[in-house]
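What follows is a short report on a single structure.
The values are calculated or read from the model by the stated rules, or taken from the named source; none is laboratory data. In this text, all values refer to a predicted model and were calculated from it rather than measured experimentally. Positions of Cβ are generated from backbone atoms using ideal geometry, with glycine treated the same way; all protein chains shown enter the neighbour counts.
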Amino acid sequence: MKQKRNSLTEYEVSIIKNLLERPEKYQNQEISGMINRYRGDASKDINAGRISNIKNGQIKKYLGIGSADNAATDAFLSTYNSHKIIITDDAAHISETTLAKLLPLAKDSTTHLDIIETDQIECKKGFSLPIKTIAAFANNKGGYLVLGVVDKTWEIVGIKEAKIKSFDFNQLNQTIRSNLGIEIEVKRKVLDFVGKKVAVFHVAPAHTKPVIFAKDGDDTAEGKIYYRYIGEDRLITASDLSKIIEDRVRNLSETVLNKHLSRILQIGIENAAIMDISTGEVEGKAGSFYVDEKLLPDLKFIKEGEFVEKAGKPALRLVGEVQSNTAPLQFIKEEVFKIYPYSYKELETEVKKNKPLIKQYEFNRIIKEEAVKLNKEYSDFLFTNKLHAENYANSGKLPSSAISRYNEKALKFILSKL
């Protein structure tokens with residue numbers, strides 16, 4: 001059976017359980033970041049809430065999976081750590097061409113850069129990689145830490161080569177994990193300006209945003225989100241946070257939508273339909289029908305179904321077995337559709353076939369003024385559940401989810417009024 005997009009394998013669950021037991025006390029966000037990096041596909045990302053569910057035994061299918069042994073988890077961590085910080089000299093963001101454009105020398109100078117403060121460049125005189133700046137860059141569109149250049153004056157003072165060579169990338173990796181709980185990709189390039197070494201570190205945008213601090217620091221606080229603005233790292237504004245969330249939701253929606261579109265193309269548009277599980281409406285190219293609302297809480301899948309054509313129109317009858325939590329059920333929901341075959345839009349279409357020049361407002365006026373919708377002789381309602389129907393019968397108040405259906409008498413009546 002094809003694995004669901006965001007389901008976890010037994011191996012992943014066993015690793016998660018071992019990480020939760022370890023004395024290092026890995027945070028949920030950190031563990032989800034490890035699993036996401038291990039998967040290497042943003043469309044298969046899981047969130048920290050899944051880790052919390054496993055920790056609290058809230059996912060039944062994972063309860064029987066044991067914790068991995070320490071050796072297996074150590075192997076997982078070594079693989080994970082080996083690609084956490086990527087140091088390449090030929091990456092596009094730190095290529096010679098890119099950096100030459102990004103960090104040009106000032107006119108007639110070999111000691112100063114011709115740059116300005118931006119939301120993508122941060123200069124430091126010494127060898128310093130502030131975790132706050134890394135997080136801020138990661139929450140925006142990424143950026144460059146330029147070490148060996150004085151901020152504001154852009155004077156090139158350089159970094160000692162021994163300092164560059166002795167820098168510990170594993171330590172940077174651990175600092176990022178400890179403070180942010182996720183992986184952030186960092187690349188390095190060393191430039192030479194007339195014998196002075198300048199170390200340029202490119203911080204990529206975070207794989208999953210927003211990046212949130214997992215603990216307090218000297219100038220950071222647990223639970224805070226920092227964002228890169230022109231010339232500074234500061235707490236994110238409400239509008240920028242909203243944009244991050246909107247982008248994340250949109251990306252997720254696009255991923256899910258692409259998955260469904262791919263499936264539709266596989267089986268053919270003419271064979272596909274969409275079911276609204278809140279109302280029971282199933283709509284496809286061949287027409288639409290409704291699943292009995294009594295079945296919706298227990299509905300899992302349709303074993304067998306078919307459309308029955310009659311006089312060029314679907315009879316809107318679905319016959320088959322439905323697997324519920326108790327026993328197979330059979331359902332037929334067709335009486336309303338037999339007696340009242342037209343939806344509001346279909347009724348309007350039929351009217352316009354006979355009266356092509358009719359305006360929309362004229363059609364709407366007759367429906368409203370003649371109370372066609374409320375007249376059982378012409379119309380009836382489909383309710384999403386029995387409670388809505390009972391409330392309407394008792395109070396006369398129509399729920400917004402109710403759907404009107406119309407019959408041939410309604411069609412003839414409206415035509416007679418035009």
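Taking each residue of region 208-234 that is more than 24 Å from residue 28 (Cβ to Cβ) and looking for partners that are in a loop (DSSP other than H, G, I, E, B) and not aromatic (Phe, Trp, Tyr) with beta-carbon atoms closer than 7 Å, six or more apart or interchain, yields 228/119; 228/140; 229/119; 230/117; 230/118; 230/119; 231/117. Mind checking which residues of region 98-146 are assigned to a helix (DSSP H, G or I) and of a type in the set (Ser, Thr, Tyr)? 98, 133 - these are the residues of region 98-146 that are assigned to a helix (DSSP H, G or I) and of a type in the set (Ser, Thr, Tyr). Here residue 152 passes the criteria (1) assigned to a loop (DSSP other than H, G, I, E, B); (2) within 31 Å of the chain's Cα centre (by Cα) except the one numbered (2).
Quickly run through region 104-119 and pick out the residues that are at negative phi and more than 36 Å from the chain's Cα centre (by Cα). Can you show your working first?
To start, the set of residues in region 104-119 that are at negative phi comprises 104-107, 109-119.
Correct list: 104, 105, 106, 107, 109, 110, 111, 112, 113, 114, 115.
Restricted to region 103-128, and to residues there that are at pLDDT below 90 and under 14 Å from residue 145 (Cα atoms), the residue that is surrounded by the fewest Cβ atoms within 10 Å (Cβ to Cβ) is 116.
Counting only residues that are on the phi > 0 side of the Ramachandran plot and either assigned to a helix (DSSP H, G or I) or exposed (fewer than 13 other Cβ atoms within 10 Å of the Cβ) (or both), how many does region 235-288 have? Steps first, please.
Our first condition is that a residue be on the phi > 0 side of the Ramachandran plot; within region 235-288, this holds for 268, 280, 287.
From the residues that got through so far, the ones that are either assigned to a helix (DSSP H, G or I) or exposed (fewer than 13 other Cβ atoms within 10 Å of the Cβ) (or both) too are 268.
Residues flagged as on the phi > 0 side of the Ramachandran plot and either assigned to a helix (DSSP H, G or I) or exposed (fewer than 13 other Cβ atoms within 10 Å of the Cβ) (or both) within region 235-288 amount to 1.
Kindly indicate whether residue 32 is under 19 Å from the mean Cα position of the chain (by Cα) and either under 23 Å from residue 213 (Cα atoms) or not in a helix (DSSP H, G or I) (or both). Talk me through it step by step, then tell me what you get.
Numbers: under 19 Å from the mean Cα position of the chain (by Cα): yes; either under 23 Å from residue 213 (Cα atoms) or not in a helix (DSSP H, G or I) (or both): yes.
In short, yes.
Every condition in (1) of a type outside the set (Asp, Glu); (2) part of a helix (DSSP H, G or I); (3) farther than 27 Å from residue 48 by Cα is met by residue 200 except one, and the failing one is (2).
Being of a type in the set (S, T, N, Q), part of a loop (DSSP other than H, G, I, E, B) and within 19 Å of residue 364 (Cβ to Cβ) is the filter here, so list the residues in region 387-406 that pass it.
If we filter region 387-406 for residues that are of a type in the set (S, T, N, Q), which is where we start, we get 391, 394-395, 400-401, 404.
Those still in the list that are part of a loop (DSSP other than H, G, I, E, B) too: 400-401.
Of everything in region 387-406, just one residue is of a type in the set (S, T, N, Q), part of a loop (DSSP other than H, G, I, E, B) and within 19 Å of residue 364 (Cβ to Cβ), namely 400.
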